1. Measure off, as a whole percent, the carbon and sulfur share of the 1.4 Å-probe accessible area of segment 6-208, all protein chains present.
2. Which stretch or stretches of segment 116-154 have amide N atoms under 19 Å from the point lying 7 Å from Ser188's Cα along the Cα→Cβ direction?
3. Given 25 °C and 0.890 mPa s, compute D for the chain with the Stokes-Einstein relation, Rh being the Kirkwood radius over Cα pairs; round to the nearest whole µm²/s.
4. Hey, could you grab the Kirkwood Rh for segment 12-55? Inverse mean 1/r over distinct alpha carbon pairs, Å, one decimal.
5. What number comes out for the charge environment of Phe156, summing +1 per Lys or Arg and -1 per Asp or Glu over other residues with Cβ under 10 Å away?
6. Determine the percent antiparallel among the DSSP beta bridges restricted to the chain, to the nearest 5.
7. Just how far, in whole angstrom, is segment 46-101 from segment 152-200 if you go by their alpha carbon centroids?
8. How many Å² of accessible area per residue for the chain, probe 1.4 Å?
Amino acid sequence: MKQGSFITLEGIEGAGKTTCMAQLRLLMQQAGKNYVETREPGGTELGEDLRQLLLGHKHIGMADDTELLLMFASRAEHLQQKILPALNQGQWVLCDRFTDATYAYQGGGRGIACSRIQALEDWVQKGFKPDLTLLLDLPVEQGLERAGKRSAPDRFESEAMEFFRKVRQSYLDLAGKEPGRVKIIDASLDLEEVLAQITSVVNNFLQNKP
Ligand code: TMP
């Protein structure tokens with residue numbers, strides 16, 4: 001049934017996802033694709049409410065399992081209400097973060113066993129995965145410095161450097177396991193070079209898509 005493609009953007013805070021999403025949008029327009037742009041946690045009305053609970057400071061001491069389950073609650077709603085219907089109508093879906101973020105943040109960062117995340121992934125996604133994932137990789141120090149210049153830190157941004165080192169390493173491990181799907185973009189370079197890498201990866205994907 002699915003006709004559109006599902007492209008996700010991943011990376012630690014300050015990796016430049018917003019700018020890269022703008023480039024993805026441009027590439028979709030150039031290729032004449034109909035697309036929707038969305039994000040996680042969030043993307044639906046319920047998901048955006050869950051995002052506030054997850055990112056806000058009201059529930060600072062939330063249990064790790066609660067955090068994990070809320071991420072997947074947001075994802076279940078997002079998949080059913082937005083992502084799958086759009087793909088089935090032939091639209092492309094560009095998503096700022098998806099399940100790789102759960103492996104990186106709740107798995108790597110919080111230390112939840114991958115097997116438990118995998119069980120939820122199987123349950124909620126039933127084998128569904130992004131067709132292409134762009135992992136914006138850069139040193140943690142550089143990312144946090146950029147993120148720090150933007151706005152007051154959210155609940156995740158308030159974590160220590162060590163947390164983000166684990167997150168970054170988990171992302172790189174995921175890319176190592178699935179090199180066909182997860183493409184590493186060196187986000188430490190100048191903007192022009194980062195955008196050129198994205199253009200090359202996406203155009204290559206567009207050319208090879210049946
Ligand atoms: P962002 O969209 O501004 O990057 O913020 C989302 C935050 O939520 C970010 O710190 C990563 C975190 N997150 C998780 O911890 N697990 C997840 O599954 C997702 C989608 C996001």
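1. On segment 6-208, the fraction of accessible area on carbon and sulfur atoms equals 52 percent.
2. Residues 135-148 qualify, since their backbone N sits under 19 Å from the label point.
3. After rounding, the answer is 141 µm²/s.
4. Over segment 12-55, the inverse of the mean reciprocal pair distance is 12.1 Å.
5. That works out to -4.
6. Antiparallel bridges make up about 0 percent of those DSSP assigns within the chain.
7. One Cα centre to the other: 19 Å.
8. Here the residues of the chain average 48 Å² of exposed surface.
The values are calculated or read from the model by the stated rules, or taken from the named source; none is laboratory data. Note that the structure is a prediction, hence the values are computed from the model and not measured. Neighbour counts run over all protein chains shown; Cβ positions are idealised from the backbone, glycine included. For accessibility, only protein heavy atoms count, side chains too; no ligands or nucleic acids. Shrake-Rupley method; radii C 1.70, N 1.55, O 1.52, S 1.80 Å.
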